[in-house]
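Just so it is clear, none of the values below were taken in a lab; they were calculated from the coordinates. Here the structure is a predicted model, which means the values were calculated and not measured. We place every Cβ from the backbone using ideal geometry, glycine too, and count neighbours over all the protein chains shown.
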Amino acid sequence: MSSIIDWFLTWWLRSGRYGWSKMHRRLFERRYLTTALPVASSFQEIEAYLKQVKWTMDGPLHLFDCISHPQVTWVKKKDDCDGFASLAAELLRRWNPNHNPVLVTALVRPVQKSHTVCAFSIAQGGLWFFDNASLRSEDCETCEDVVARIVQETQRLVCWDVRNPVTLEMIEFHKS
């Protein structure tokens, strides 16, 4: 049974999740695209904006939700981890595109502990990340280091990926 679930989770992260997100965005979220987002000029301002959003649980199995446009998260003032990551990435991108924000998702068992963060480059080299509404200024050299920080000891990593936050195109994919 475990291998079937792992196969499905790997397929979901590699293909299903982002196709579903793109379709959901096209069908249900277009009206939000004209919504103005706040303007940030520091990591602390982005963190303050993220703190105005309430974390809510994912859908069934904590899996079948979609990655909403950042404007949807901002208007509704609530979302799960991928909504926080998407909003953080867009605020970072608008403030300073040189930070190259990306979405990093780790699918783990148990599935409800899977998580998405917004990782980004810092001027001194390396990566920091927004973990929901918290800025984590840890010394990460790679996205793999970020995954290691967000996966807890009680979890078994199934797979992880790195995506462009605007297009949701895959940058990296790794199966454990």
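Taking GluC sites (Glu not before Pro) that fall in a DSSP loop and have at most 10 other Cβ atoms within 10 Å as cut points, what is the longest piece of the chain between them?
Longest stretch, sites excluded: 1-140.
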Of the listed pairs 51/113; 76/175; 77/175; 51/175, which have alpha-carbon separations greater than 29 Å here?
76/175; 77/175; 51/175
Kindly write out, for the range 70-87 in residue order, the coupling ³J(HN,Hα) from the Karplus curve 6.51 cos²θ - 1.76 cosθ + 1.60 (θ = phi - 60°), rounded to whole Hz, with x marking Gly and Pro.
x, 5, 5, 4, 5, 5, 6, 6, 7, 4, 9, 4, 6, x, 4, 5, 5, 5
Using a simple charge model, +1 on the beta-carbon of Lys and Arg, -1 on the beta-carbon of Asp and Glu, nothing else, what dipole does the chain show about its Cα centre, in debye to the nearest 20?
740 debye
Placing +1 on the Cβ of each Lys and Arg and -1 on the Cβ of each Asp and Glu in the chain, which of 137, 41, 127 has its Cα farthest towards the positive end of the resulting dipole?
41
Within a Gaussian network of the chain (alpha carbon springs, distance under 10 Å), most fluctuating of 33, 135, 127
33
Taking the Kirkwood radius as the inverse of the mean 1/r across Cα pairs, report the Rg/Rh of the range 2-175.
0.94
Just how far, in whole angstrom, is the range 1-57 from the range 110-176 if you go by their alpha carbon centroids?
14 Å
Return the sequence-ordered ³J(HN,Hα) values of the range 93-105 in whole Hz as given by the Karplus equation 6.51 cos²θ - 1.76 cosθ + 1.60 applied to θ = phi - 60°, using x for Gly and Pro.
4, 6, 6, 8, x, 5, 6, 6, x, 9, 9, 10, 10
Per residue of the range 131-140, what does 6.51 cos²θ - 1.76 cosθ + 1.60 with θ = phi - 60° give for ³J(HN,Hα)? Whole Hz please, x for Gly and Pro, Karplus curve as stated.
10, 6, 9, 10, 7, 10, 9, 9, 7, 10
Connecting C-alpha atoms closer than 10 Å in a GNM of the chain, tell me which of 31, 136, 94 has the biggest fluctuation.
31
Distribution output for the range 92-176: share of Cα-Cα pairs per 10 Å bin in percent, first bin at 0, values 18, 52, 26, 3
